[in-house]
1. If we count other beta carbons within 10 Å of each Cβ, what is the order of TYR71, TYR22, fewest first?
2. Quick check: convex hull of the Cα atoms in segment 3-123, volume per residue, rounded to a whole Å³?
3. How long is segment 215-262 along each principal axis, judged by its Cα atoms, biggest number first, in Å?
4. Using a 10 Å cut-off around each Cβ, can you sort ILE26, ILE216 from fewest to most neighbouring Cβ atoms?
5. Kindly provide the trypsin sites (Lys or Arg not before Pro) of segment 210-272 that DSSP labels as loop, not H, G, I, E or B, and whose Cβ sees at most 11 other Cβ atoms within 10 Å.
Amino acid sequence: MTIALVPTLKNLPVTVDSLDSYIRAINQVPMLNLEEEQKLGQRLHLHNDLEAAQRLIVAHLRFVVHIARGYTGYGLPLGDLVQEGNIGLMKAVKRFDPSHGVRLVSFAVHWVRAEIHEFIIRNWRIVKVATTKAQRKLFFKLRGAKKRLGWLNANEVDTVARELGVSTDTVLEMESRLNGYDISFDPIPDDLDNDYEFHSPSSYLRDDHADPADVIERNNWEEQITSLLSKELERLDPRSRDIVQRRWLNENKPTLQELAEEYKVSPERIRQLESNAIKKLRIALPVS
């Protein structure tokens, strides 16, 4: 595993080969005292000093690892959790204002956890288990409770629902989602023998017309034809253009007789104008 230290200081490596090496490297960075943190924060906040931002970030990377360790029970690699937490730390440093009198570590904890939470929600299941704000709170609340309780009883469901301000049905639904699991798209039967030809869904759901290159080519071709047709219609005389548009392009198509009465000519004349206009368009367009 390779974890990038982004951004980094000159006396630290840009990358390390393992998570243990990464943790050893960041633990060598001295902690900042209040005065140092305030000075660096002022340089960043007032002068957009990127070197100050780098020092603030690298000095707090060990703090991100400490938070990320609390989320290892979700089955995701600690290195990935750390990297997502580092993104949250960078966002916090960017918004840090030392004049508020708050230490960076207290301010950044919310940003670090938010990024880790979002990463877990995106990657814990193929299908997202939580989409609304209330569901996300439930996800982490119930996931923590699962480590101690297993299935929740009625009193515990009521307690969680009351604390988060949601219905008991919502709590039960989220608990059901947490206890579900992903199913393979190509399951192999346990009793499959050598004489049995197994057909998975992917073998009969193939779409021969779904090649991305072909789709893009068709879309580009249609756009070109539509643009060219529009230009060629503009070259027709107003009467012929109106007849073609209303007879071929409009949803409610008038009859030859209706157009003849409108233009005060015979239906045959309308047919001739339409035929001549279609011939001109066919000659101009690269289609049969």
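FYI, it's all coordinate maths here, none of it is from the lab. On a predicted model such as this, the values are computed, not experimentally measured, just so you know. Here Cβ is always computed from backbone atoms with ideal geometry, including for glycine, and neighbour counts include all displayed protein chains.
1. Details: TYR71 20, TYR22 23.
By the 10 Å Cβ count, ascending: TYR71, TYR22.
2. Details: hull volume 11.5 nm³, N = 121.
It is 95 Å³ per residue.
3. Sorted from largest, the Cα extents of segment 215-262 read 45, 22, 9 Å.
4. Values: ILE26 21, ILE216 10.
So the residues, fewest neighbours to most, are ILE216, ILE26.
5. Values: sites: ARG218, LYS231, ARG235, ARG239, ARG241, ARG246, ARG247, LYS264, ARG269, ARG271; in loops: LYS264.
Within segment 210-272, the qualifying trypsin sites (Lys or Arg not before Pro) (loop, at most 11 other Cβ atoms within 10 Å) are LYS264.
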